[in-house]
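Trainee: Once you've had a glance at the structure underneath, I'll fire off some questions.
The values are calculated or read from the model by the stated rules, or taken from the named source; none is laboratory data. Here the structure is a predicted model, which is why all the values come from computation and not from measurement. Note that we place each Cβ from the backbone using ideal geometry, even for glycine, and neighbour counts take in every protein chain shown. Note: accessible area is taken over every heavy atom of the protein model, side chains too, but ligands, DNA and RNA are not part of it. Shrake-Rupley method; radii C 1.70, N 1.55, O 1.52, S 1.80 Å.
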Amino acid sequence: MNNDPNWGRALVIGGSMAGMLAARVLAEYYDEVLVVDKDDFPGTPENRPGTPQAYHPHRLLPRGKLILESLFPGWLDDLLAQGAFPKEGKRIRSVSVYGTLEVIDRKDAGASRALLEWVVRRRLQALPNVRFANGCEATGLQMASDGATVTGVTVRGKTVQSMTLEADLVLDASGRSSKLVKWLQALGYHVPEPERLKASLGYSTRYYRIPPHIAEQWSVVVTEGVPAKGVGTAVFGPVEQDTAEVVLYYAGGQRYPTTDAGLYEQELAALLDPSIAELLQNCEPLGPPRGYRVPECFRQRFERMERWPSGLLMMGDALCNFDPIYGQGITVAAIEAELLAAQLRERRTRPKPFFEREALRRMQEAIDPAWWLTAVADLCWPGVEYTGSHSREGIAFAQKYFELYRKQAVGKPDMELFGKYLMMNGLLLSPRELLNAEAIRAVLNADGSGEGERLLAEFAMENRDHQLEQFLERTIPAGSYK
């Protein structure tokens, strides 16, 4: 813990992954951190009502794993010690229209959302200044007499009708179900309309008992979808207790994956590649598939408000939520926690007014490229709609350029190109690391099919690099997650 004098109490609404990451950071700077959640947390790794999506696969991207290790050193070893699936030395297979790649996984763990949360929560509960108030639902903000400062929250519980919990900082990490917009509007604040990605996405998850010979070979198998043809995506991934999660995914609302046990494997077999269905012939189903649908993802733009109350922040899905298939949510929350820590360090050494607004602004800078990547991927599916600040022209260019890029990276294969693509989607590299004039020209020069020059001509850039650079500067986010 930090030896500098701490502030008073920080209160976190929501004890899911974003809330726990926030609480871990706040514990370095506040005498007490109180995590309020309407669920009673289980004493063993099991799903709870407040995370209805927990039945379905969850994963951390590489950037998220690095941040978790900095906040909870040895968390991966904890997962493995609790029975998470050891991935090291096992095969990752990825199939797409561009070809098939197989690589060997590094040290990693396959775990359910329930086990991941349980391991992190145990680490957090061991901190002496962190407390959990379970079974308490936050119902509103408590304001100072100036109407511009949050001083706590009102809560109700199973045995308490209503009470106020005071705090020097309130951080909302209650996810998609956040009531913060309504609370602010009720207090007279004008809240801008969020950006929306109407993805109409659906996925269906089924669990299987896997035999030793499959567990010894495979870390993960991915069959990518073909959005233009309405062909879905599927992922096979072992987790704890000799089981594997299998998820089937579509977006756009024109088709949803089956939840019929008799049709599930038939639908998997009809995808771009039948290898997941073939693996499952040697596995035992552990119940029927279960579906989950998300009509839209949204990004709140609180940093654009004319007024923002001091003593209030938010993180995670309450601020911006993503298409779950890309695994960005927990990692973006970890990036936000890292940024929160940087802001708190700066506040301690150089106190400035409007600390919360600056924290919001920096979080939005970090969110921006991940949100853009989600839009680029989801808008490949017919039926998906986007309303927001990103250039549709830039999104269309990126979609076509990434087709050429991946044709080279996977088709040749070119592992340097492929590695950069994975790092971008792992939120380690900004999109501009792949989308700059020099990088684009190198890919187009190596293409040889003429598609690259046609792409530049389509966007009126032809052979002039300065036109290309100006176009990219105008349309592609330059954020770096830092």
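Trainee: Compute the FRET efficiency between residue 403 and residue 31 as 1/(1 + (r/R0)^6), taking r as their Cβ-Cβ distance and R0 = 60 Å, and round to the nearest 0.05.
Mentor: 0.65
Trainee: Find how many whole Å separate the alpha carbon centroid of the range 296-333 from the alpha carbon centroid of the range 12-75.
Mentor: If you average the Cα positions of each part, the centres end up 16 Å apart.
Trainee: Suppose the chain between residue 447 and residue 310 were pulled fully straight at 0.36 nm per residue; how much longer would it get relative to their current alpha carbon spacing?
Mentor: Full extension of this stretch gives 44.0 nm more.
Trainee: Given Cα positions, please report Rg to Rh for the range 340-482, the hydrodynamic radius being the Kirkwood one.
Mentor: Computed over Cα atoms, the ratio is 1.05.
Trainee: Just want to confirm a number: the relative contact order over the chain, from Cα pairs under 8 angstrom separated by 6+ residues, in percent.
Mentor: 17 percent
Trainee: Carbon and sulfur: what percent of the range 102-180's accessible surface (1.4 Å probe)?
Mentor: 47 percent
Trainee: To continue, here is another question. For the range 113-205, what value does the Rg/Rh ratio take when both radii are computed over Cα atoms and Rh is the Kirkwood radius, given to two decimals?
Mentor: Across the range 113-205, the Cα-based Rg/Rh ratio is 1.03.
Trainee: First check a/c for the range 162-252, with a ≥ b ≥ c the square roots of the eigenvalues of its C-alpha gyration tensor; if it is under 1.5, answer rounded, and if not, answer prolate when a/b is larger than b/c or oblate otherwise.
Mentor: Oblate is the answer for the range 162-252, as a/c is 1.5 or above yet b/c matches or exceeds a/b.
Trainee: What accessible area, in Å² to the nearest ten, does a 1.4 Å probe give for residue 455?
Mentor: The accessible area comes out at roughly 10 Å².
Trainee: While we're here: Need one number: nm distance between label points at residue 228 and residue 40, each 7 Å from Cα along Cα→Cβ, rounded to one decimal.
Mentor: A separation of 5.5 nm, rounded to one decimal place.
Trainee: Follow-up. Accessible area per residue of the chain at 1.4 Å probe, in Å²?
Mentor: Ligands and nucleic acids excluded, the figure is 43 Å² per residue.
Trainee: OK, next. Over 34 Å, how big is the tail of the calculated P(r) for the chain, in percent of all Cα pairs?
Mentor: Every Cα pair in the chain considered, those over 34 Å come to 37 percent.
Trainee: Okay, moving on. Leaving ligands, DNA and RNA out of it, report the carbon-plus-sulfur percent of the accessible area of the range 324-387 at a 1.4 Å probe.
Mentor: Within the range 324-387, the accessible surface is 57 percent carbon and sulfur.
Trainee: For the range 272-334, what does the convex hull of the Cα positions come to per residue, in cubic angstrom?
Mentor: About 168 Å³ per residue, rounded to a whole number.
Trainee: Kindly state, to the nearest 0.05, the FRET efficiency for residue 164 paired with residue 196, given R0 = 45 Å and r defined as their beta-carbon distance.
Mentor: 0.85
Trainee: Using mean Cβ contacts within 10 Å as the protection proxy, how do 293-299, 125-131 order, highest first?
Mentor: Result, highest mean Cβ count within 10 Å first: 293-299, 125-131.
Trainee: Identify the GluC sites (Glu not before Pro) of the range 87-119 meeting these criteria: DSSP loop state and at most 12 other C-beta atoms within 10 Å of the C-beta.
Mentor: 88
Trainee: Further, regarding this structure: Go ahead and run the numbers for FRET between residue 156 and residue 478, Cβ-Cβ distance against an R0 of 41 Å, rounding to 0.05.
Mentor: According to the calculation, E is roughly 0.40.
Trainee: Further question on the same structure: Sorting 219, 174 by accessible area (1.4 Å probe), largest first, what list results?
Mentor: Ranked list, largest accessible area first: 174, 219.
Trainee: Just report the Cα centroid separation between the range 164-220 and the range 378-439, whole Å.
Mentor: 25 Å
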